[in-house]
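First the structure, in the form of structure tokens, and then the observations on it.
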Number of protein chains: 2
Amino acid sequence: MADMTAAWEPVPRSRTFELVLARIEEQIIAGRLRVGDRLPPERELVDMLGVSRAAVREALRVLEAQGVLRSRVGTGPSSGTVIAAMPDAGLTQLLRLHIALANFPMDDVVEARATLERASARLAAELVTEDGLERIRDPLLRMDDASLPREQFNDCDTDFHVAIAEAGRNRLMADMTIAVRNAVRHTLLTAFNKLDDWEKVASRLRAEHHAIYEAIAAGDTQAAGDLVEAHVRGFHQDIVKKITDGTNPPAP
Amino acid sequence: MADMTAAWEPVPRSRTFELVLARIEEQIIAGRLRVGDRLPPERELVDMLGVSRAAVREALRVLEAQGVLRSRVGTGPSSGTVIAAMPDAGLTQLLRLHIALANFPMDDVVEARATLERASARLAAELVTEDGLERIRDPLLRMDDASLPREQFNDCDTDFHVAIAEAGRNRLMADMTIAVRNAVRHTLLTAFNKLDDWEKVASRLRAEHHAIYEAIAAGDTQAAGDLVEAHVRGFHQDIVKKITDGTNPPAP
DNA sequence: ACCAAGTAATGGTCTGACCAAGACCCCAAT
DNA sequence: ATTGGGGTCTTGGTCAGACCATTACTTGGT
């Protein structure tokens, strides 16, 4: 009998929608489908691939969830299914759910945030343009308004960190940074709303944000990275941890 | 007339599968659905939600693509649709496509790899257990075999970096690190296969790997991080860049 | 006690139909 | 010639209903 040491890998039982998926991915990987290109209409794909429309649609749904596609009804340009590029939407969604599932404990998320935002800030300090600086400054200044409601403060905070991530001009780093930041958005807002000494916390955050901005504007990569990392870690350590308890209630 | 400055955000035209998605996510975010739990059978969801089975299935496909679900046919335990946790599968897939779409230029990917693997190595040096060290050592030693085919060398290389990422005991960091490493797996293999002076490159990689291992084993966070970052950057800079040209052929 | 055939539950697939949004075409009214 | 409006076609979105394949449990015979 033949050599049995090589495990009898079970034949990957492919579902037809996975085959459709594979065909489309082929085109993408091979570079034949590029951002902006239109896919054939669903009904044509059905004929071309010899599968049901449901199978085609399930494959398209997957790609859409990954931010690779965008579908619109109707005729004419901008209709139909086109290759798009919205990686951070897909990333954000994915992280959000897995964080909720506690596959990713909050401490892990903070560590990841610290790592990513530190690196992003360093890139920003190195590469930021005048335009990029302005995008960082805008939410920074809006946050200085002491009467700003907490929810909008949180939004500006998000914008601030997003602007830094994008200033580094590295889409992958930025998208991951943004996705992780977005994934904790709700948690932060909850924490904000539970705070008694809101004004004290807010002014601390403002001060840290200003310092970060200055470091980036000055092109001081080391300081920018250190300040951001301390900002992220400190905030979660000192503020969020004391408050967030009931989130993700443990099983009975 | 009322204030018009607030943009007339178009009502988000929700498709029914998105509503189904939202309901399921609700349960997850609220913690009522946890890893290991089973969802009702598709047909029951259809009755409960008052939508077609196609809509339910499209929603489930999305969650499956994100690594949140796992479906199996048949009866009995382990069949049906259950909440699972396979974040890195979803992440890897997502990054792979977007890298292919050149939404993420290779330089950006290298930067991200350097950042993530540096952080992972630091965590590993700090937290690794004896068991974790062994998981790192195993692929390391297998790579020492000079007769190892390039493809398997690449697999071991992947295993080595994955083992380091997992030794830091931070699932999110590890999954992102793994996903990015996997996303360039094909690119690296292609580069390997084009090399003329393979043995020279291989021994350089071996040496760097051993040094990294030693630093982690010694608990030297600084050295571990620096070595890994240099390893990642140096490899792409010196090896891959010289060789990889035709990948992702430019549009005509 | 054990094995085999039967059966029920479940996801996977397909067909065919209709709906709704959007863009284009064509003709009538100005 | 221009413009307005309605018809129409394409396209994705949704649905209902049926059948298939896999899997585990049940039942009955040896």
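The values are calculated or read from the model by the stated rules, or taken from the named source; none is laboratory data. Computed from a prediction, not measured in an experiment: that's the story for all the values here. Reconstructed Cβ throughout: ideal geometry from the backbone, glycine too, with neighbour counts over all protein chains shown. The area values use the complete protein model at the heavy-atom level, side chains included, leaving out ligands, DNA and RNA. Shrake-Rupley method; radii C 1.70, N 1.55, O 1.52, S 1.80 Å.
Within region A:94-122, being open to solvent by 20 Å² or more (accessible area, probe 1.4 Å) and over 23 Å from B:ARG169 (Cα atoms) holds for one residue alone: A:ARG122. The helices (runs of 4 or more DSSP H) located wholly in region A:47-166 that include 3 or more residues which are under 30 Å from A:PHE17 (Cβ atoms) occupy A:53-65, A:87-100.
The residues in region A:40-74 that are within 7 Å of DNA strand C (Cβ to nearest atom) and among the acidic types (Asp, Glu) can be counted, and the count is 1. All conditions in (1) in contact with an Asp or Glu (Cβ under 7 Å, 6 or more places away or on another chain); (2) at pLDDT below 95; (3) crowded, with 18+ Cβ neighbours inside 10 Å hold for A:LEU189, with the sole exception of (3).
Whether any residue in region A:165-184 is assigned by TED's automatic domain parsing to the domain that holds A:ARG96 and more than 16 Å from the chain's Cα centre (by Cα) is what I want to check. Looking for residues that are assigned by TED's automatic domain parsing to the domain that holds A:ARG96 and more than 16 Å from the chain's Cα centre (by Cα), one finds none in region A:165-184, hence no. Looking across region A:71-84, the residues that are buried (at least 17 other Cβ atoms within 10 Å of the Cβ) and facing chain B (nearest Cβ under 10 Å) come down to A:SER71, A:ILE83, A:ALA84. In a residue-by-residue description of region A:63-70, the property of being surrounded by fewer than 19 Cβ atoms within 10 Å (Cβ to Cβ) and either over 30 Å from B:ALA167 (Cβ atoms) or assigned by TED's automatic domain parsing to the domain that holds A:HIS236 (or both) applies to at least one position.
When B:ALA55, B:ALA65 are checked against the criterion of being out of contact with any Lys or Arg (no Cβ under 7 Å at 6 or more places or on another chain), more than 10 Å from chain A (Cβ to nearest Cβ) and hydrophobic (A, V, I, L, M, F, W, C), B:ALA55 stands alone in meeting it. For region A:14-31, the candidate set comprises residues that are within 20 Å of A:GLY50 (Cβ to Cβ) and more than 9 Å from DNA strand C (Cβ to nearest atom); within that set, the residue that is nearest to the other protein chains (Cβ to nearest Cβ) is A:GLU25. Looking across region B:140-183, just one residue is surrounded by fewer than 21 Cβ atoms within 10 Å (Cβ to Cβ) and in contact with a Cys (Cβ under 6 Å, 6 or more places away or on another chain), and that is B:ARG142.
Within region A:86-111, being in contact with a Gly (Cβ under 7 Å, 6 or more places away or on another chain) and facing another protein chain (nearest Cβ under 10 Å) holds for A:MET86, A:PRO87, A:GLY90, A:LEU94. Within region A:30-54, the residues that satisfy the criterion of being in contact (Cβ under 8 Å) with a residue 40 or more places away in the chain and either closer than 20 Å to B:GLU58 by Cα or surrounded by 15 or more Cβ atoms within 10 Å (Cβ to Cβ) (or both) are A:LEU33, A:ARG34, A:LEU39, A:PRO41. Filter region A:228-243 down to the residues that are under 16 Å from A:THR177 (Cα atoms) and open to solvent by 70 Å² or more (accessible area, probe 1.4 Å) and list them by number. Scanning region A:228-243 gives a single hit, A:ARG233.
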